[in-house]
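> A single structure is presented below for examination.
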Amino acid sequence: MNRKLRIGILGGGGILVAHAPGFNRLQDQCEVIVAERDASRYDQIRKLLGPDVKIVGDYAELLNKEIVDAVDILLPHHLHAPAAIAAAQAGLPVLVEKVMARNIYECDQMIEACSKAGVSLTVCHDRRYDNDWMALKHIVESGELGDILFWKLEHNQNVIFPEKSWGRSKEQIGGGAIMSCLTHQIDSLRWYGGEFESVTSMSKVDASRMEGESIGAVIARMKSGALALLSINWNTQSHQAPNGLWYEFNHVTGTKGEAYFMSGKGTFVKIYEGQKVFEYDMKGEGAFVKVDTGDGLTGHQKCIEEWVKSLRGEKADIVTMGADSRKTVEVAEAAYRSEATGSVVRLPIHPIPWKS
Ligand SMILES: NC(=O)c1ccc[n+]([C@@H]2O[C@H](COP(=O)([O-])OP(=O)(O)OC[C@H]3O[C@@H](n4cnc5c(N)ncnc54)[C@H](O)[C@@H]3O)[C@@H](O)[C@H]2O)c1
């Protein structure tokens with residue numbers, strides 16, 4: 001394609017801050033138009049994408065091949081499926097922020113619409129494009145940790161949605177913190193350690209924050225035989241305090257060693273018998289050695305770069321296609337069904353139609 005790609009960004013709220021730099025650095029290849037129905041967001045949109053960026057109101061205004069070539073969906077969760085389906089019906093390839101949708105029923109509708117229209121469906125699970133998170137995957141795949149026994153992944157934040165925000169609505173967010181953000185950890189664990197076999201889950205609602213759970217814990221058996229413990233805590237300020245705890249933490253224990261990622265600190269590894277060197281340079285002293293993951297493009301920007309390459313028909317390293325990300329939603333939905341029934345839920349589960 002000789003002309004620039006026209007990207008419609010649907011929704012110009014909080015997460016635009018992570019997407020805008022990805023498109024700004026590709027200005028020679030694409031131009032963006034934003035659909036945002038809340039005019040109070042326009043100043044921030046112009047700050048992030050430049051004073052001349054074109055902004056329209058409702059996202060439906062952009063779903064037209066005459067106007068854009070593809071869409072990047074940054075809308076609330078209850079609008080992911082309707083927007084993606086309408087975009088596909090208009091013949092537009094879709095990139096959608098995590099979580100793909102509120103449940104597997106919606107995921108299936110999105111996959112079907114995109115497949116029928118012959119357009120791609122990519123989910124921006126940014127952790128899979130993050131160099132530090134990727135380093136942990138490479139360490140596991142090197143085999144140096146031996147057989148993997150146990151995974152522990154945590155997500156900790158202090159999340160208080162504004163009054164009337166979609167995040168406070170159980171229906172609009174698709175449950176609560178587990179579906180919204182523990183899906184970062186679920187998705188990464190599937191990427192690191194293969195598919196889930198069964199899950200059990202419990203959660204806690206703090207009604208002053210939101211209708212759905214703000215705290216959740218999932219115990220899982222992986223198909224590999226490893227055990228996993230995943231938790232989300234949206235009621236903690238610990239990571240913001242001096243000497244506080246981590247924000248996100250991924251720890252893996254094998255028979256020959258262990259490794260972890262801790263946000264703000266990086267990725268570390270310890271091999272029980274002598275330190276081996278992987279494809280990374282390892283710096284530091286002490287039992288755990290820090291992995292040097294370089295300063296290359298990472299996270300959302302890397303995801304956007306690969307997506308734009310794919311739109312241009314170039315070879316692209318996309319690791320988060322819709323059909324795969326559906327399995328992440330499936331694990332979160334299985335966790336909800338586990339709590340609802342008080343039982344261990346084995347995967348796969350069957351879609352249940354949702355009305356909204
Ligand atoms: N990857 C991450 O770490 C991360 C972090 C935060 C949010 N997210 C994801 O990003 C997505 C958006 O979250 P957010 O925090 O930016 O939410 P947000 O509420 O700040 O932004 C959503 C925007 O969509 C707009 N909108 C709603 N309906 C619209 C319509 N019909 N037409 C045009 N605009 C409309 C709203 O006015 C709002 O500005 C969610 O999927 C969320 O899970 C990802």
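> Is it fair to say S231 is in contact with a His (Cβ under 9 Å, 6 or more places away or on another chain) and modelled with pLDDT of 95 or more?
Values: in contact with a His (Cβ under 9 Å, 6 or more places away or on another chain): yes; modelled with pLDDT of 95 or more: yes.
Here the answer is yes, as S231 does meet what is asked.
> Tell me which residues, restricted to segment 178-223, are in contact with a Leu (Cβ under 8 Å, 6 or more places away or on another chain), farther than 19 Å from K137 by Cβ and either open to solvent by 10 Å² or more (accessible area, probe 1.4 Å) or within 16 Å of the ligand (Cβ to nearest atom) (or both).
E197, S198, G216, A217, I219, R221
> Identify all residues within segment 12-24 that are of a type outside the set (V, I, T), within 16 Å of the ligand (Cβ to nearest atom) and open to solvent by 50 Å² or more (accessible area, probe 1.4 Å); write none if there are none.
G14
> Of all residues in segment 89-107, count the ones that are open to solvent by less than 10 Å² (accessible area, probe 1.4 Å), part of a loop (DSSP other than H, G, I, E, B) and within 20 Å of Q172 (Cα to Cα).
Adding up the residues that qualify gives 5.
> Which of the residues belonging to segment 224-277 are open to solvent by 80 Å² or more (accessible area, probe 1.4 Å) and within 21 Å of M202 (Cα to Cα)?
The answer is none; no residue qualifies.
> Which of (1) under 18 Å from V319 (Cα atoms); (2) over 20 Å from the mean Cα position of the chain (by Cα); (3) touching a residue at least 12 places away in the same chain (Cβ under 8 Å) is the odd one out, the single condition G194 does not satisfy?
Result: G194 passes all but (2).
> Could you go through segment 136-146 and let me know if any residue there is among the charged types (D, E, K, R), within 12 Å of the ligand (Cβ to nearest atom), out of contact with any helix residue (DSSP H, G or I) (no Cβ under 7 Å at 6 or more places or on another chain) and without any contact (Cβ under 8 Å) to a residue 60 or more places away in the chain.
Checked against the condition, which is being among the charged types (D, E, K, R), within 12 Å of the ligand (Cβ to nearest atom), out of contact with any helix residue (DSSP H, G or I) (no Cβ under 7 Å at 6 or more places or on another chain) and without any contact (Cβ under 8 Å) to a residue 60 or more places away in the chain, segment 136-146 yields no hits at all.
> Here is a further query. Quick check on this structure: which one of Q27, Q44 is without any contact (Cβ under 8 Å) to a residue 40 or more places away in the chain, in the same structural domain as H77 (by TED's automatic domain parsing), away from the ligand (no atom under 12 Å from the Cβ) and out of contact with any Phe, Trp or Tyr (no Cβ under 8 Å at 6 or more places or on another chain)?
Checking each option against the conditions leaves just Q27.
> Out of segment 108-124, which residues are more than 17 Å from N64 (Cα to Cα), part of a helix (DSSP H, G or I) and of a type in the set (A, V, I, L, M)?
Within segment 108-124, M110, I111 meet the criteria.
> Hey, does segment 66-81 have a residue that's touching a residue at least 12 places away in the same chain (Cβ under 8 Å), charged (D, E, K, R), away from the ligand (no atom under 15 Å from the Cβ) and in contact with a Lys or Arg (Cβ under 8 Å, 6 or more places away or on another chain)?
Going through segment 66-81, the residues touching a residue at least 12 places away in the same chain (Cβ under 8 Å) turn out to be 67-81.
Now restrict to residues that are charged (D, E, K, R): 69, 72.
From the residues that got through so far, the ones that are away from the ligand (no atom under 15 Å from the Cβ) too are 69.
So of that shortlist, the ones also in contact with a Lys or Arg (Cβ under 8 Å, 6 or more places away or on another chain) come out as 69.
Checking segment 66-81: at least one residue is touching a residue at least 12 places away in the same chain (Cβ under 8 Å), charged (D, E, K, R), away from the ligand (no atom under 15 Å from the Cβ) and in contact with a Lys or Arg (Cβ under 8 Å, 6 or more places away or on another chain).
> Sort out which residues of segment 47-61 are within 10 Å of the ligand (Cβ to nearest atom), part of a helix (DSSP H, G or I) and closer than 13 Å to I9 by Cβ, and write them in order of number.
Within segment 47-61, Y59, E61 meet the criteria.
The values are calculated or read from the model by the stated rules, or taken from the named source; none is laboratory data. Predicted model only: the values in this text are computed from it and were never measured. A quick note on method: Cβ atoms are made from the backbone with ideal geometry, for glycine too, and the neighbour counts reach across all protein chains shown. To get the accessible areas, we keep the full protein, side chains included, count just its heavy atoms, and leave off ligands, DNA and RNA. Shrake-Rupley method; radii C 1.70, N 1.55, O 1.52, S 1.80 Å.
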